[in-house]
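The block underneath contains the structure these notes are about, expressed in structure tokens.
The values are calculated or read from the model by the stated rules, or taken from the named source; none is laboratory data. Keep in mind that what you see is a predicted model, and the values were worked out from it rather than measured. Counting neighbours? That spans all protein chains shown, and the Cβs are built from the backbone with ideal geometry, glycine included.
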């Protein structure tokens, strides 16, 4: 089972490095998002509906993921008789689990989007503003090139936690029981993150429960991401320095990877009227921003490595 889980993580990492994302019409996360869209409306009892949504939809996603992996494993074991049946079932399980992990994680797309913003920030700020829409939800129309680079770096650091570290950590923990359970755990975490990104806004009362659940789920992954970022930057003091600003953002979690990156880079990362991390330092230069994005990339590969080892053991 450990080797099967390790193979699943390796396949997910290999696909992330070489393959495009699943097409939108069949992407599991996009399909889940369409389900969430159906409940994203006004309700007579928004609090009760919000709690039900936060409980039922992630569990449903986890059940589907578990069912697919378990079904494939049992089907192959039944079809392939003899001594090779167990091996064939393990290989099929690793492939399906790897594809599922690939669907719930994203590193290359995240890093690529951040690099695009940084590259365009000096020569074509308009293009950088357009590219930044793939990363941030803020209004970028009045941001300077340096502020655009700050947005790219801080968003890459923040999204490392929920877009990669959280589902990988969930898989590694669940895989201690079985690969199917690991995939179900990763799907559950990804569903929680998706609910928060779609519903977790102050003016969406039926999204409050999803936002609070995401805060709880992301507590460990956000701090683990900070450790990985400090390790990738070879800056052991970044974590202790980040404590000064980690609570500046409204989120109880996102400040940790962002503040650690700001400390490791010796750069200021700022979102107007929201937070100012490492405020005495200059905003990122193009070179500093490129280093920041590369740090996120290295931290992501460390996350894959750590998840693989943890799942194997």
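The criterion of at least 2 residues that are surrounded by fewer than 17 Cβ atoms within 10 Å (Cβ to Cβ) is met by the following helices (runs of 4 or more DSSP H) wholly inside the range 205-313: 208-217, 219-232, 286-312. Each residue in the range 128-155 was checked for being surrounded by fewer than 23 Cβ atoms within 10 Å (Cβ to Cβ), modelled with pLDDT of 95 or more and in contact with a helix residue (DSSP H, G or I) (Cβ under 6 Å, 6 or more places away or on another chain), and 1 pass. Is it true that residue 134 is closer than 16 Å to residue 109 by Cβ, under 20 Å from the mean Cα position of the chain (by Cα) and not in a helix (DSSP H, G or I)? Criteria met by residue 134.
Contact map, the range 56-73: first residue under 9 Å from residue 96 (Cβ atoms), second residue assigned to a helix (DSSP H, G or I), Cβ cut-off under 6 Å, separation 6 or more or different chains; pairs are 69/96; 69/97; 69/180; 69/183; 72/92; 72/96; 73/89; 73/93. Quick check: anything in the range 5-28 surrounded by 14 or more Cβ atoms within 10 Å (Cβ to Cβ), in contact with a helix residue (DSSP H, G or I) (Cβ under 8 Å, 6 or more places away or on another chain) and modelled with pLDDT under 95? There is at least one residue in the range 5-28 that is surrounded by 14 or more Cβ atoms within 10 Å (Cβ to Cβ), in contact with a helix residue (DSSP H, G or I) (Cβ under 8 Å, 6 or more places away or on another chain) and modelled with pLDDT under 95. Among all positions in the range 76-92, there is no residue which is buried (at least 23 other Cβ atoms within 10 Å of the Cβ) and part of a helix (DSSP H, G or I).
Among the residues of the range 136-151, those that are touching a residue at least 60 places away in the same chain (Cβ under 8 Å) and within 18 Å of residue 197 (Cβ to Cβ) comprise 138, 151.
For residue 161, the test of being touching a helix residue (DSSP H, G or I) at 6+ places or on another chain (Cβ under 6 Å) and either surrounded by fewer than 24 Cβ atoms within 10 Å (Cβ to Cβ) or within 22 Å of residue 50 (Cα to Cα) (or both) is failed. Would the range 184-191 turn up any residue that is surrounded by 20 or more Cβ atoms within 10 Å (Cβ to Cβ), in a loop (DSSP other than H, G, I, E, B) and modelled with pLDDT of 95 or more? No; the residues of the range 184-191 include none that is surrounded by 20 or more Cβ atoms within 10 Å (Cβ to Cβ), in a loop (DSSP other than H, G, I, E, B) and modelled with pLDDT of 95 or more.
For the range 249-268, a residue qualifies if it is closer than 17 Å to residue 196 by Cα and more than 17 Å from the chain's Cα centre (by Cα), and the qualifying residues are 249, 250.
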